Amino acid sequence: MDQLAIADTPTTRCAYYRRTCDLPAGIHPEIGRIVVKAGAVGAVTMPAPLGQRVREELLRRRMTVGPIISHARSGRWTFLVRPDIRDDVHIFADMFRLNVSIVPIGGEIALPSPADAQTGYRQWVVPPADTYRPSGLDIIETVRACTAPPQAVSA
């Protein structure tokens with residue numbers, strides 16, 4: 001997204017998200033924030049330290065990470081994902097216990113905008129460069145792996 005630095009406005013950033021990243025982004029009229037409704041894209045949000053572990057584990061497994069948003073004030077990361085997580089109360093409950101939330105269909109996902117670059121409120125950890133997003137189920141499985149108790153080594 002460095003190519004957008006010269007004429008970066010909410011409109012041009014939104015167009016980039018739509019055309020290059022296939023994110024059905026729009027500008028929230030009341031506040032000028034760039035948002036995507038969950039449905040064609042999903043999102044999994046977690047505390048930043050867990051997000052860092054998940055990203056490192058994905059890289060260790062040689063998996064492509066995909067777009068990640070940092071929310072500096074709340075100390076959370078959001079992974080943009082393919083919406084393949086089924087609406088299952090057990091999955092949502094398991095993640096809730098780990099302080100991980102899955103954005104429900106129709107929920108708003110705020111994307112970094114040019115104003116965020118000045119405030120540092122919302123920034124890309126891994127910016128989208130194309131249409132790739134990892135499987136939501138892969139992110140959930142990696143969260144579970146990163147939060148599982150260590151296995152005892154038997155002699």
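A few notes on this one:
- Scanning region 41-60 turns up one or more residues that are over 23 Å from Ala145 (Cβ atoms) and not small (Gly, Ala, Ser).
- Checked against the criteria, Gly136 counts as buried (at least 20 other Cβ atoms within 10 Å of the Cβ) and either over 23 Å from Pro49 (Cα atoms) or touching a residue at least 40 places away in the same chain (Cβ under 8 Å) (or both).
- When residues in region 42-71 are screened for being without any contact (Cβ under 8 Å) to a residue 60 or more places away in the chain and assigned to a strand (DSSP E or B), 6 of them pass.
- Test: Arg133 is touching a Pro at 6+ places or on another chain (Cβ under 8 Å) and at pLDDT 95 or above: yes
- In region 47-84, residue surrounded by the fewest Cβ atoms within 10 Å (Cβ to Cβ) [restricted to those that are of a type in the set (A, V, I, L, M, F, W, C) and within 18 Å of Glu108 (Cβ to Cβ)]: Trp77
- Complete set of residues in region 76-103 that are over 17 Å from Arg55 (Cβ atoms), touching a residue at least 60 places away in the same chain (Cβ under 8 Å) and assigned to a strand (DSSP E or B): Ile102
The values are calculated or read from the model by the stated rules, or taken from the named source; none is laboratory data. No experiment lies behind these values; they were computed from the predicted model shown. Cβ coordinates were reconstructed from backbone atoms using ideal geometry, including for glycine residues, and neighbour counts include every protein chain displayed.
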